[in-house]
1. Using a 7 Å offset from the Cα along the Cα-to-Cβ direction at both residue 305 and residue 251, what is the distance between the two label points in nm, to one decimal?
2. Taking neighbour Cβ counts within 10 Å as the exposure measure, how do 197, 182, 359 sort from fewest upward?
3. With θ set to phi - 60°, apply the Karplus curve 6.51 cos²θ - 1.76 cosθ + 1.60 along the range 317-333 and write out the HN-Hα couplings as whole Hz, x wherever there is a Gly or Pro.
4. Please compute the length gained on full extension between residue 92 and residue 147, using 0.36 nm multiplied by the number of residues separating them and subtracting their Cα-Cα distance.
5. How would you order 233-242, 248-257 from highest to lowest mean count of nearby Cβ atoms within 10 Å?
6. Modelled label-to-label distance, residue 343 and residue 155, 7 Å Cα→beta-carbon offset: nm?
7. Which residues' amide hydrogens lie under 5 Å from the amide hydrogen of residue 15, considering only partners 5 or more residues apart or on another chain, with H built in the peptide plane?
8. Could the peptides 311-317, 54-60 be put in order, highest first, of the mean number of other beta-carbon atoms found within 10 Å of their residues?
Amino acid sequence: MQQPERVCLLIADISGYTAYLAGVELDHAQDIIADLVGTVVTALRPNFRLAKLEGDAAFMEAPAEELDGSMLLDTIERCYFGFRRRRRDVRQATACDCNACVRIPDLDLKFVVHHGQVLRQRMAGLEELIGPDVIVVHRLLKNTVGQDAYALLTQACIDATDLEPMTLGMRQTTDSYEHIGEVAAWVHDLDRRWADEEARQRVFQGPEDAMLELSVDTAAPPQVVWDFLTAPGQRQRWQFGVTRVSVEGATGGRRGPGATNHCMHGKDAVLEEILDWRPYDYLTDRTIVTTPAGVAKVLHTIELEPTTSGTRIHFRWGWPRTKREKDAMKDFNPWYEAGFRGTFPTLVGLLEAEAVAREADRPVEPDLPPVVGRKPIVP
């Protein structure tokens, strides 16, 4: 007998689809929807795998033995931001004036997320997820949220994480369904988060004026690299001198700007104040380093550059502002660089082992819809 599995179930559903189809050219609309659905599914991988395409929606799943709430919201928000940018780029790039193209801005994206148990069943050669929790997550698409861009996380999903929804500004809601009863959930406003993202100042240490830059290649994709590098419990497994990492100031249990990492190096602590947090792309912190010549504050960016074979990770440190701090770092840098470089083989080995483990016994996913219409959606 197959045993139930605990999973995180997610449905990404394009809002406004039914109204959009009314009075538009179906051949071009089909390509636009296929393009946007492909953008959504690609952004959710590999943290989630595609269980089934359901018209304008993607039914996704992820193992839930250790559901990290911070990474869950990072994944959802990055997917939504990618959808908004893709929607904007497609509309701006095409010269087509058909209704399907003109009305692209009418489309939006919502997510429903639930935590529960499923069974796997093969039907007509395809794997299906079955069980009461599969029914629940689908029923939740019909809700009373009253907006187009949101993530609806059930109380069961919140309980499986360390997120504090009220602190994060989520709104509580409850809907009742026949044969299921009341389902409590929390609404995460993605339209507001998009506005915050667009307005937030970027803090980035580029290569042109870096005090020190070290780079290393790995076959692991950026999503795996990001999860590994930002999870506090992983640092001591690879970074030289780090014996323990604790996170303070993580609002509502979520890592990001305003949080501080306390990295213990023996008896000394290195403090990292997170200033910018762009999942899968880069993060920047202000690092307070204790050197034999004194304390220095430096800007530190980790950038993930996608490559054809995986990811190139760039670690960059900027120069501190004062002469005293600069002098301290000049003497400290050679030792720090040698130690950091020495840990790269361990880091790469762990990353690639993690990537392999995620793919092990991974069910075959359905194919994404092809973009095959007679009109190109971009020039």
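Throughout, read-outs are computed from the coordinates displayed, never taken from laboratory work. This structure is a prediction, so every number in the text was calculated from the model and none was measured. Every residue, glycine as well, gets a Cβ built from its backbone with ideal geometry; the counts of neighbours run over all protein chains shown.
1. It works out to 3.2 nm between the two label points.
2. Details: 197 15, 182 8, 359 11.
Fewest-to-most Cβ neighbours within 10 Å comes out as 182, 359, 197.
3. 10, x, 6, x, 7, 8, 5, 4, 5, 4, 5, 5, 6, 4, 6, 7, 4
4. On the way: separation 55, 0.36 × 55 = 19.80 nm, distance 2.48 nm.
Fully extending the segment from residue 92 to residue 147 adds 17.3 nm.
5. Working: 233-242: 15.2, 248-257: 17.2.
Taking the mean over residues of other Cβ atoms within 10 Å, the ranking is 248-257, 233-242.
6. 4.2 nm
7. For residue 15, whose amide H was placed from the backbone, the distant partners under 5 Å are 108, 109, 110.
8. 311-317, 54-60
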